[in-house]
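So the structure is just underneath, and the comments pick up after that.
The values are calculated or read from the model by the stated rules, or taken from the named source; none is laboratory data. As the structure is a computational prediction, the values presented were derived from the model and not from experiment. Backbone-built Cβ (ideal geometry, glycine too); neighbour counts: all protein chains shown. We work out accessible area using only protein heavy atoms, side chains counted, and drop any ligands, DNA or RNA first. Shrake-Rupley method; radii C 1.70, N 1.55, O 1.52, S 1.80 Å.
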Amino acid sequence: MDKLIIEGNGPLRGQIQISGSKNAALPILLATILVDGEVCLSNVPQLRDIDTTIRLLGLLGCRAERDAGDVRIHSCDLKPEAPYDLVRTMRASVLCLGPLLARLGQAKVSLPGGCAIGARPVDLHLRGLEQMGAVFELEQGDIVGHCDRLRGAHIHLDFPTVGGTEHLIMAACLAEGETILENAAREPEIQDLAEFLNACGARISGHGSSVIRIQGVSALHACTYRVMPDRIEAGTYLIAAGITKGRLELLDCPVDALDAVIFKLREMGMHIESRQNMVCASADGPLRCVDISTRPYPGFPTDMQAQIMALMACSQGAGVVTEGIFENRFMHVQELCRLGANITLSGQTALVRGVNTLKGATVMASDLRASACLVLAGLAATGRTDVRRIYHLDRGYEHMEVKLAAVGARIHREQE
Ligand code: EPZ
C-alpha cells in the first residue's frame, strides 16, 4: 500500500488543470451498454474506479479501448452477468443492472454491500425497475433480474438518490412509453449523463430539475462525447488555496456546479473570481469557521464535507458541520484530531473549533474524501504528515500529488 509524505510548505501558487468528473464518467461508461455502436468518450479521468468500470464492461462482453483520457466502447457481444469481485470493489457497478435488463431482458449483478460511509442500500433503484416491469430474486448475494421489454412508469423517489436517478434514466431510455421520475436528484453529473444519452438519440427532458421525463426509444446510436470536469476535485483544490493562504488558478473548472461551495468559502473569507471556465481562488488573511449542512444538489455537497472541515479546523472561531446524506461520514474527524484539530462529534453533527496551527503526524485514510481532507490538512500543518492507505485517494483524484507539487507543495508518494 502507498502513503503520501507531506511537509507543510506555505502558500500554494500556480495553475491546476481540473480532470474529467469521476461521478459523471462512471454512469456514462455504464450507459454505453445501452448503445448499439461504438461510443467515443474524451476527458475520462485516469482513476482506479474508471479502470474497474472499463474492466467490468470488458467482462460484460463490450470491446473497450483506452488511450489516456480517450475511451472507445462498443457493446458488441453483451453478457448478462457482472462478477461479484468487481461490484464488491466499486458500488457504482450495480448501475449496469438496468442497462442489461433494457438490452438483454436479463441480468445477474452482485448486490453491493455497504461501505465505510454507510449502508448505501439500492432499494430505490430496484423498486423503480420493478415499476418498469423487472422481476428480481436474490440468489447467493446476486440480484437476478429479468423482464420482457421494460415499460415506462410514473416513479416517485422517496429520496433524491443520485445513483437511483441515473439508474432509472438509463433503464427508461429503451423502455416502451414514457417514464416520469419525481423527486429526482439534480446533480450536475446526472445532467451530464442525460446529455450523453440524448447525444445517442435518447429523449430525456427535465434533467437538472426534480421531475425528469424520458420517452423510450427502440435503440440508441453511437456518439462522441466529452465528460464534464470534476466539481469535487475542483472544490478540493479551491480549499487547497485557502488552507495554505495561497493563490491557485483552476483551469476547466465547472464553476456553475460549485455555487454552494464557493458561497461558503467566500463566507469564510476566501477571494474567488471566475473568468469563463477558469477560477482564481486565494486567501491572504485569517479565515472564519461557518456552519455547514450537507444536502442533495444544489445544497452543499456531502463529497465536500470532509475537505471544508479541514479548512475550518485551522480557521478562526467555531462552526457546526451537519452530515445530512450518509450515516457514517465523520471518520476523518479522529484523524484530524491527531493533527491537533479541536472537533467534537454528536450524532450527525461535528462542532469544529478552529485552532491556530495543525501539527504534522501519521494519519490513516478511511475513504476517498477523507483522504483528500487529510492531504489538505497536511499541506497546512507544520512538520511532516504521513497519509497512509491512499489507495482510497487514487479512486477519485487523478495524480493529486503531481498536481499539488507543481504549485509548490512538498509532497511525494512512498510505498508502505
Ligand atoms: C453518489 O453516490 C456519489 N457516487 C457519491 O460520491 C455521493 O456522495 C452521493 O451520490 C451523494 O451525492 C457516485 O456518483 C459514483 P445516493 P450514491 O444514492 O448514488 C440513500 C464520492 O466520494 N439511498 O444519492 O450511492 C443512501 O443510503 C462518492 O465520489 C437509499 O436509501 O448516493 C444515502 O444515505 C461517495 N436507497 C443517500 O440515499 C437507495 O436505493 C444518498 O445516496 C439509494 C440511496
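Observations
- Segment 324-416: C-alpha pair distances exceeding 20 Å, %: 36
- Exposure ranking of Asp51, Asp256, Asp36 by accessible area [1.4 Å probe, largest first]: Asp256, Asp36, Asp51
- When the alpha carbon coordinates of the chain are projected onto the principal axes, the ranges are 63, 42, 42 Å, largest first.
- Rotationally averaged projected area of segment 155-220 (alpha carbon convex hull; nm²): 3.5
- For segment 98-143, the spread of Cα positions along each principal axis, largest first, Å: 33, 21, 16
- Links that overshoot a 25 Å alpha carbon limit, given the list Lys245/Lys403; Lys22/Lys245; Lys3/Lys108; Lys3/Lys264: Lys22/Lys245; Lys3/Lys108; Lys3/Lys264
- With every protein chain in place, segment 265-416: carbon and sulfur % of accessible area (1.4 Å): 47
- At 0.692 mPa s and 37 °C, Stokes diffusion of segment 78-157 via Kirkwood alpha-carbon radius, µm² per second: 256
- Calculated P(r) of segment 1-110 - Cα pairs past 22 Å, %: 37
- Calculated FRET value between Arg413 and Asp51, using beta carbons and R₀ = 25 Å, to 0.05: 0.90
- With Cα atoms, 0 to 90° folded angle of helix 368-380 axis to the chain main axis: 20
- Residue among Gln131, Gln140, Gln17 with the largest mean-square fluctuation in a Gaussian network model of the chain, springs linking Cα atoms under 10 Å: Gln140
- Per residue value of the accessible surface for the chain (all protein chains in place, 1.4 Å probe), Å²: 38
- Candidates Tyr237, Tyr397, Tyr297: whichever shows maximal mean-square fluctuation once the chain is modelled as a Gaussian network with Cα springs under 10 Å: Tyr297
- The label point for Asn356 and the one for Gln215, both projected 7 Å from the Cα toward the Cβ, are 6.7 nm apart.
- Point-to-point label distance, Ala199-Tyr391, nm (Cα→Cβ direction, 7 Å offset): 3.3
- On Cα atoms only, tilt of 231-243 relative to the major axis of the chain in degrees: 0
- With the convex hull drawn over the C-alpha atoms of segment 158-283, the volume per residue is 107 Å³.
- In this calculation the C-beta distance from Arg266 to Thr344 is compared with R0 = 25 Å, giving a FRET efficiency of 0.40.
- Database remark: amide H of Thr382 closer than 5 angstrom to the amide H of Leu358, Lys359, Gly360 (H placed geometrically; neighbours at sequence offset of 5 or more, or on other chains; Pro and chain starts carry no H).
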